[in-house]
Structures are given as C-alpha cells and as structure tokens.
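Enquirer: The structure that follows is given in the form of structure tokens.
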Amino acid sequence: MSTLLNTQVGKNRLTPKQIMTDPILFLAFGFGSGLAKKAPGTFGTLAAVPLYCLLTQSGDLVYGIVTITVTVAGIWICGLAAEKLGEHDFGGIVWDEISGYLITLWWIPFSWQGIVLGFILFRFFDILKPWPIKWADRRVKGGLGIMLDDALAGMFANVGLVLILWWWG
C-alpha cells in the first residue's frame with residue numbers, strides 16, 4: 001500500500017517521526033507539510049495560508065515583523081535542516097515557501113481573491129523561476145540560497161498581485 005508521505009527523507013534517510021520530533025526539522029518541513037510525497041512545496045505554501053489569515057488580524061506592523069523574522073530565521077533553520085538531511089535544498093524543506101507566501105501577501109488587503117491569486121502567483125514564480133530567481137537558486141548556497149529564491153518569488157508575486165488587484169479595481 002502506498003502512502004501519501006515520504007517514509008525516509010534526505011540522504012541521511014530520516015523518518016517522519018524524526019522530522020516531526022526535531023524542532024528545527026519540524027519548522028523546516030512546514031509543520032509536517034513538507035513530508036508530502038508529491039508537491040511538497042505546494043503543501044508548504046498551503047500551510048502558510050492559516051498563518052497569513054492569523055497575521056492579517058494583527059496589523060501591518062506585526063505582519064511585517066513576523067514576515068521578516070520568518071525570513072531571516074529561515075536562513076538558519078533551512079541551513080541546519082539541510083545539514084541534518086545531508087542534502088542541500090531538499091524539496092521537503094518548505095519554510096522558504098511559508099516565507100515567500102507571506103512576502104507575496106505583504107501589504108495586500110485581506111480577501112479570498114488575494115489569498116488564491118497570491119497562492120497561484122507565488123507557486124508560478126517559485127516553479128518557473130525567471131531571472132534573477134533562477135540565478136539565485138543556482139548560485140547562492142546554504143540557508144541563504146534556500147531562502148533567497150523563494151523570497152524573490154514572493155516579491156515578484158507581490159508586484160504581480162498588486163497590478164492584478166489594481167487592474168480589477
């Protein structure tokens with residue numbers, strides 16, 4: 001019988017139990033969402049939606065502080081997770097997707113249309129990786145490299161979302 005979750009992760013072949021009980025790996029794997037066998041980045045982005053909904057209730061200042069903290073801390077979290085896995089930028093490390101999605105919706109008024117369009121735009125830029133996202137993904141290593149391409153994808157998606165929302169009025 002096939003499972004929806006990876007049973008061994010990374011070159012060091014960690015188990016889901018090891019991931020879920022290690023605080024760094026638990027965060028890096030987006031509270032477990034990165035354990036998905038298929039499309040872990042998409043599941044990681046989905047894990048960011050409730051966090052976004054919670055943060056929008058706290059105002060722009062708190063949203064900004066949390067987004068910056070998630071992004072900066074992600075350099076350390078993702079770098080350490082990659083070391084523990086024995087593999088750079090393993091697909092199940094999705095803390096960067098959480099950060100990128102929060103960047104996508106920064107300063108965007110709350111709406112379900114914004115949540116959905118932001119999700120689509122962020123995944124589009126994260127998967128397609130136009131320049132300079134692809135350059136950062138290939139050239140920058142370590143935790144910074146894991147985080148940078150998603151932060152850039154989030155910025156591209158944010159600009160795209162602003163333009164779409166402005167166009168629709």
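The values are calculated or read from the model by the stated rules, or taken from the named source; none is laboratory data. These figures come from a predicted structure and were not determined experimentally. Please note: Cβ atoms are built from the backbone with ideal geometry, for glycine as well, and neighbour counts cover all protein chains shown.
Enquirer: Do we have Ile115 as in a helix (DSSP H, G or I), at pLDDT 95 or above, within 29 Å of Thr7 (Cβ to Cβ) and not small (Gly, Ala, Ser) here? Step through it out loud before you land on a result.
Expert: Values: in a helix (DSSP H, G or I): yes; at pLDDT 95 or above: yes; within 29 Å of Thr7 (Cβ to Cβ): no; not small (Gly, Ala, Ser): yes.
No.
Enquirer: Another question about this same structure. Within the stretch 48-76, can you find the residues that are crowded, with 20+ Cβ neighbours inside 10 Å and farther than 20 Å from His88 by Cβ?
Expert: Within the stretch 48-76, Ala48, Tyr52, Leu55, Thr67, Val70 qualify.
Enquirer: Residues Lys11, Lys17, Lys37: which one is surrounded by fewer than 18 Cβ atoms within 10 Å (Cβ to Cβ) and touching a strand residue (DSSP E or B) at 6+ places or on another chain (Cβ under 7 Å)? Give the steps one after another, and end with the answer.
Expert: Working: Lys11 fails: touching a strand residue (DSSP E or B) at 6+ places or on another chain (Cβ under 7 Å); Lys17 fails: touching a strand residue (DSSP E or B) at 6+ places or on another chain (Cβ under 7 Å).
Lys37 is the lone residue from the list that is surrounded by fewer than 18 Cβ atoms within 10 Å (Cβ to Cβ) and touching a strand residue (DSSP E or B) at 6+ places or on another chain (Cβ under 7 Å).
Enquirer: Scan the stretch 89-107 and give yes if some residue there is in a loop (DSSP other than H, G, I, E, B), β-branched (Val, Ile, Thr) and surrounded by 19 or more Cβ atoms within 10 Å (Cβ to Cβ), otherwise no.
Expert: Yes, the conditions are met somewhere in the stretch 89-107.
Enquirer: Just checking, how many residues over the stretch 10-67 are among the aromatic types (Phe, Trp, Tyr) and under 23 Å from Trp106 (Cβ atoms)?
Expert: 4
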